[in-house]
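Below is one structure; the comments refer to it alone.
The values are calculated or read from the model by the stated rules, or taken from the named source; none is laboratory data. Please read these numbers as outputs of a predicted model, since none were measured by experiment. No Cβ is skipped: glycine too gets one built from the backbone with ideal geometry, and neighbour counts run over all protein chains shown.
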Amino acid sequence: MGFEDIRKRIEEISKLMNLSEKEIDVLLNFKRIVRKELEVNGKKYLAFRILHNDSLGPGKGGIRFHPEVSEDEVKSLSFWMSLKNSLMGLPFGGAKGGVKVKPKELTKKEIEELSRAYIRSFYEVLGQDKDIPAPDVYTNSEIMGFMLDEFEKIKDSHEFGMITGKPIELGGCKFREEATSKGGFLVLKEFLKFLNIDKSKLKIGVQGFGNVGFNVAKMLYQDGFKIVCVSDSRGGILDENGLNIFEVKKEKEKSGSVVNYKGKKITNQELLESDVDLLILAALENQITEENANRIKANYILELANGPVTSEADEILNKKEVIIIPDILANSGGVVASYFEWVQNRCGNIFEDDYLEKRFENIMINSFKKVYEFSNEKNLNMRTAAYIIAIKRILDAERARGTI
């Protein structure tokens, strides 16, 4: 899914919202696009930091290290961050960064050098009041620590709030690592409650068994849900009687993939098209497309990845009455936890875990209720409802600034 796909969605939603040309331009244009070439051990890597909109506050969004990183992808991701932050009521705009690299081919030292090189190239557009990065695909708290250190060396001062998802010792937030999964779990539980769906009747498939996919599978398994299939980049496994998620995790840690666990071996495509009630998409974008949407058997989809369903697939699934809990709602737990970390770093006050967990739960559940109730009231699918709510807040902020 590229930015043209987003453009198509905005054009459709603009008709529902009766947006002016100026309002559409505000949504489709970018505040800042920065491209750089990083060099590590004589090899060069294309890198980006893109700020979509900052009417609600400084930019906020992760940095990914991935071989398929492109300007089009980072633009799309920064746009979704604008909507996500707006939808959750956070004081952030939307931004994203990335480096086109195969991180598995680099040594740990080279990863550190790449992380520091990124900051040396982009430090002028970053900062706690400008644009605040976080972990994303193939980046983690350790990498955020390297980036913070390099930024502070350049600035010759401490600024913990310039980046989130850091190690606890550097001002990180304790539950940031599981926050995306936890947010999706809370939203899903609330959704099932609203529809009065018995969890014992559900068969679940989880695509993606990295940090987000494993943690949401773990939470569901511990809560008594039946997960019948999971997959990672090498393929998947299926067991109609249900998988022991902790045993699957042990196998992945031992052999590098879930495919070596006992059970029927399946491909990622077969997992998507498997006979499950609920499909959780926790891998990458563009997983359900026009080509395979008609073969999807699930009644419900939870999007924990960004943009896993294309707009063409959306139309097909909506006609099939598949209910999708969209990415900008379902996977926003990570940025909510990042917001807590940023606030603590800014004010120097460490909040109690119980307080943060309760606040987190309230934000996630109230955001879900707002989207679900609006979708029912206006007879819209949940993605369209979430987009309208998020876009309205951004445009209201632009109007308050006098820019439109």
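Looking at 237, 204, 227, just one residue is without any contact (Cβ under 8 Å) to a residue 60 or more places away in the chain, part of a strand (DSSP E or B) and within 24 Å of the chain's Cα centre (by Cα), and that residue is 227. Does the range 118-127 include one or more residues that are among the small types (Gly, Ala, Ser), part of a helix (DSSP H, G or I) and closer than 16 Å to residue 35 by Cα? Yes; the residues of the range 118-127 include at least one that is among the small types (Gly, Ala, Ser), part of a helix (DSSP H, G or I) and closer than 16 Å to residue 35 by Cα. Remark: residue 56 matches the filter, which requires a residue to be under 30 Å from residue 374 (Cβ atoms) and surrounded by fewer than 24 Cβ atoms within 10 Å (Cβ to Cβ). In the range 278-296, which residues are surrounded by fewer than 17 Cβ atoms within 10 Å (Cβ to Cβ) and either touching a Lys or Arg at 6+ places or on another chain (Cβ under 9 Å) or farther than 28 Å from residue 69 by Cβ (or both)? Within the range 278-296, 294, 295 meet the criteria. Note on the range 302-323: residues that are within 26 Å of residue 241 (Cα to Cα), more than 15 Å from the chain's Cα centre (by Cα) and crowded, with 20+ Cβ neighbours inside 10 Å amount to 1. In a residue-by-residue description of the range 14-32, the property of being touching a residue at least 60 places away in the same chain (Cβ under 8 Å), within 20 Å of residue 402 (Cα to Cα) and of a type in the set (Ser, Thr, Tyr) applies to at least one position. Scanning the range 38-79 for residues that are touching a residue at least 60 places away in the same chain (Cβ under 8 Å) and either in the same structural domain as residue 286 (by TED's automatic domain parsing) or under 19 Å from residue 110 (Cβ atoms) (or both) gives 38, 39, 40, 41, 45, 47, 63, 64, 65, 66. Of the listed requirements (1) out of contact with any strand residue (DSSP E or B) (no Cβ under 9 Å at 6 or more places or on another chain); (2) surrounded by 19 or more Cβ atoms within 10 Å (Cβ to Cβ); (3) not assigned by TED's automatic domain parsing to the domain that holds residue 131, residue 160 misses just one: (3). Of all residues in the range 1-51, those satisfying the criterion of being polar (S, T, N, Q) and either assigned to a strand (DSSP E or B) or surrounded by fewer than 17 Cβ atoms within 10 Å (Cβ to Cβ) (or both) are 18, 20, 29, 41.
Here residue 61 does not fit the description of being out of contact with any Lys or Arg (no Cβ under 9 Å at 6 or more places or on another chain), of a type in the set (Gly, Ala, Ser) and either farther than 18 Å from residue 389 by Cα or at pLDDT 95 or above (or both).
Every residue, every condition in (1) polar (S, T, N, Q); (2) touching a helix residue (DSSP H, G or I) at 6+ places or on another chain (Cβ under 8 Å), yes or no:
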position: 324; (1), (2): no, yes
position: 333; (1), (2): no, yes
position: 358; (1), (2): no, no
position: 371; (1), (2): no, yes
position: 381; (1), (2): yes, yes
position: 390; (1), (2): no, yes
position: 393; (1), (2): no, yes
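Restrict the check to the range 235-245 and report whether at least one residue is crowded, with 19+ Cβ neighbours inside 10 Å and within 21 Å of residue 73 (Cβ to Cβ). Scanning the range 235-245, I find no residue that is crowded, with 19+ Cβ neighbours inside 10 Å and within 21 Å of residue 73 (Cβ to Cβ), so the answer is no.
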